[in-house]
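Supplied in structure tokens, the structure appears directly below.
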Amino acid sequence: MTVSNEHIAAVAREMSLKSIYVVISSFKRGISTSVLDDLTEIPSTTVIPYPNGIQLRAVSSSANDSSSGTGVRTLMLEYLDSNYLYVEEIIVLNGVTPVNSVATNIQRITCLHSHTVGSAGTAVGNISLTNIAGSVTYDYITAGGNQSLTGHFTVPDDRIGFITGWQGTSTKQAVSLRLRATRDRCTGERLPGVFIFQDIVNLKDAASGQLCFASYLKCAPRTDIKLSAISTDASSADASASFSIILVPKYE
């Protein structure tokens with residue numbers, strides 16, 4: 001089901017001090033012409049991996065991303081725990097030496113960004129957030145950046161989400177962008193593990209498109225949302241996309 005904008009306006013007035021407005025941005029180079037790629041800067045990743053309740057570690061490819069370095073000194077890791085509740089943790093980087101998170105029950109990553117920086121103002125190296133073994137990368141900040149551009153988000157267990165709209169940009173070649181969610185398009189009910197296409201936009205070469213929903217898309221607690229794309233040209237494409245979502249407290 002969908003919810004009217006009039007209802008959303010009423011909810012916003014009632015819950016203005018408790019509602020949260022979030023914009024999720026993403027980018028990917030070399031989008032495949034044969035398979036659907038999730039939008040992320042994580043190298044060689046087709047499908048964005050989810051931690052599913054584990055401990056993670058952060059490491060940079062440069063020694064300058066450290067507690068006294070010129071790059072990123074500390075990271076802010078925002079995540080959902082094993083109960084799908086929002087938690088924050090600050091990780092003090094140690095350059096090329098991995099630093100483990102304190103948390104051992106990270107279920108979903110909602111945001112990864114710089115918390116403090118040195119004179120460079122941005123990451124000097126590529127910063128990876130991986131499992132303890134270092135074999136799977138769950139999020140990534142590229143050198144010269146300050147936050148991850150990984151296009152996924154999960155609605156916390158104590159919130160209901162309303163997607164207000166989304167946009168996409170192709171920087172070269174033609175690309176088909178998809179807004180996807182573990183959500184039934186007709187009923188709005190959660191479908192764990194099944195990413196249904198909620199909307200599609202096709203862009204030709206260097207083009208941009210922005211779509212606002214007449215009725216916001218209601219997403220139940222624990223709904224996973226992500227952005228994906230496939231190049232519809234003979235060669236791979238680069239693209240970025242984002243979506244905006246309002247999180248309101250869940251009614252009991």
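Using only the alpha-carbon atoms of the range 56-141 as identical scatterers, what base-10 log of I(q)/I(0) does the Debye formula give at q = 0.12, 0.22, 0.24 Å⁻¹?
With no solvent term, the Cα-only Debye profile gives -0.30, -0.96, -1.11.
Karplus couplings for the range 64-80 from phi (6.51 cos²θ - 1.76 cosθ + 1.60, θ = phi - 60°), rounded to Hz, Gly and Pro as x?
For the range 64-80, the Karplus-derived couplings read 6, 8, 8, 4, 10, x, 7, x, 6, 9, 9, 9, 9, 9, 10, 8, 9 Hz, x marking Gly and Pro.
Mind ordering 224-235, 81-92, 153-164, 45-56 by average Cβ neighbours within 10 Å, highest first? Write out the running numbers ahead of the final one.
On the way: 224-235: 20.2, 81-92: 14.7, 153-164: 22.3, 45-56: 17.1.
Peptide ranking by packing, descending: 153-164, 224-235, 45-56, 81-92.
What list do you get for Cys111, Cys219 if you sort them by fewest beta carbons within 10 Å? If you can, show how the numbers build up before the last one.
Details: Cys111 16, Cys219 25.
Ordered by Cβ neighbours within 10 Å, fewest first: Cys111, Cys219.
Taking the Cα centroid of the range 128-187 and of the range 42-97, what is the distance between the two, rounded to the nearest whole Å?
Here the two parts' Cα centres lie 16 Å apart.
How much length is gained on full extension from Tyr21 to Ser61, taking 0.36 nm per residue of separation minus their Cα-Cα distance?
Details: separation 40, 0.36 × 40 = 14.40 nm, distance 3.29 nm.
Using 0.36 nm per residue and subtracting the Cα-Cα distance, I get 11.1 nm.
Hey, could you get me the Stokes-Einstein D for the chain, Kirkwood radius over alpha-carbon pairs, 25 °C and 0.890 mPa s, rounded to whole µm² s⁻¹? Each step should come with its number before you reach the end.
On the way: Rh = 18.7 Å.
Value of D from the Cα-based Kirkwood radius: 131 µm²/s.
Coordinate-derived values only; no laboratory data. Computed from a predicted model, the values in this text were never measured in an experiment. Cβ: placed from backbone, ideal geometry, glycine included. Neighbour counts: every protein chain shown.
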